[in-house]
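Single-structure report; data block below.
The values are calculated or read from the model by the stated rules, or taken from the named source; none is laboratory data. Here the structure is a predicted model, which means the values were calculated and not measured. Cβ placement follows ideal geometry from the backbone for every residue including glycine, while neighbour counts extend to all protein chains displayed.
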Ligand code: C2E
Ligand code: MG
Ligand code: MG
Ligand code: MG
């Protein structure tokens, strides 16, 4: 027994972990050229009004079509881009593409209310001095009303945020850009703190939606969501829920008073034309 234990000591690190580290290194070094070579693309996932089921806009979700590894999700490369600083030009690219896309949707669906676009922001983009100027420049150049843009910032990025960090968000909010607190409920933030933040939307984390999966739903989850919704509404904040996968969840969340929903039940993230189809189905009945 001792011998085999001793033998194990010489099996160096877990080979899978090694492979992951090598890939991570390879991906990190490939990132800058990937941006130049246009290997990134964006999928859009509809945001649906829970009251009437209409499509109100979409969230932009970036992907990397890697020449060897195929399509990589953001969890594989956003942390690397944050680490190397590439997230700033990549984030700017995502914002510009998304704003352009929203403008095109609005032109093609002038009759529907203006379709909106949600774009995720990394903490590093928040501290980058060009954020406000870049955003204003993009909106003006492309001609999208600031109120059609929502920037999503995770709750954890704003925990303990000082005024310097909040200043650019406040400027954007004053211009009419919506700020959403993404993955809300996972960051242990002080609820009273919400008043201090320039946010207009709480985006409830998927973990709450999962609690609504069984019927009847978990009574504790119900109480928590009910409490969050009533707090949010009393502070004039909208509530969006993510990860809605079933009709039962959608119905439960609608009854609880959530405003907007997003999830596979409505549509998976997809190419921009999918939104045309969905919005069109909507408009015609
Ligand atoms: P997020 O902003 O919370 O986005 C929601 C994630 O949930 C997306 O994963 C989406 O595909 C997934 N999702 C949507 N509906 C369902 C559902 O019904 N069930 C389940 N199980 N999952 C659902 P995705 O696309 O892998 O993105 C992961 C995260 O990467 C995002 O989380 C966001 O934080 C980040 N991200 C994506 N695009 C960008 C970007 O352009 N910039 C930055 N900084 N972060 C991004
Ligand atoms: Mg998001
Ligand atoms: Mg989210
Ligand atoms: Mg999430």
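Points to keep in mind about this one:
- Residue identified as under 26 Å from residue 256 (Cα atoms), modelled with pLDDT under 95, in contact with a strand residue (DSSP E or B) (Cβ under 6 Å, 6 or more places away or on another chain) and surrounded by 13 or more Cβ atoms within 10 Å (Cβ to Cβ) among 155, 226: 155
- Listed by first and then second residue, the pairs with beta-carbon distance under 8 Å, at least 6 apart or on different chains, first residue in the stretch 166-180 and within 16 Å of residue 122 (Cα to Cα), second in a helix (DSSP H, G or I) and modelled with pLDDT under 95, are 166/158; 166/196; 168/126; 169/126.
- Taken together, the residues in the stretch 171-224 that are within 15 Å of ligand 1 (Cβ to nearest atom) and within 30 Å of residue 138 (Cα to Cα) amount to 13.
- Here the condition is being within 19 Å of the chain's Cα centre (by Cα), within 16 Å of ligand 2 (Cβ to nearest atom) and buried (at least 18 other Cβ atoms within 10 Å of the Cβ); of 169, 86, 131, it holds for 169 alone.
- When the stretch 161-196 is filtered for residues that are in contact with a strand residue (DSSP E or B) (Cβ under 9 Å, 6 or more places away or on another chain), within 21 Å of residue 211 (Cβ to Cβ) and part of a helix (DSSP H, G or I), nothing remains.
- Per the listing 189, 207, the residue uniquely within 11 Å of ligand 3 (Cβ to nearest atom) and modelled with pLDDT under 95 is 207.
- Only one of 67, 89 that is in contact with a helix residue (DSSP H, G or I) (Cβ under 9 Å, 6 or more places away or on another chain) and closer than 20 Å to residue 142 by Cβ: 89
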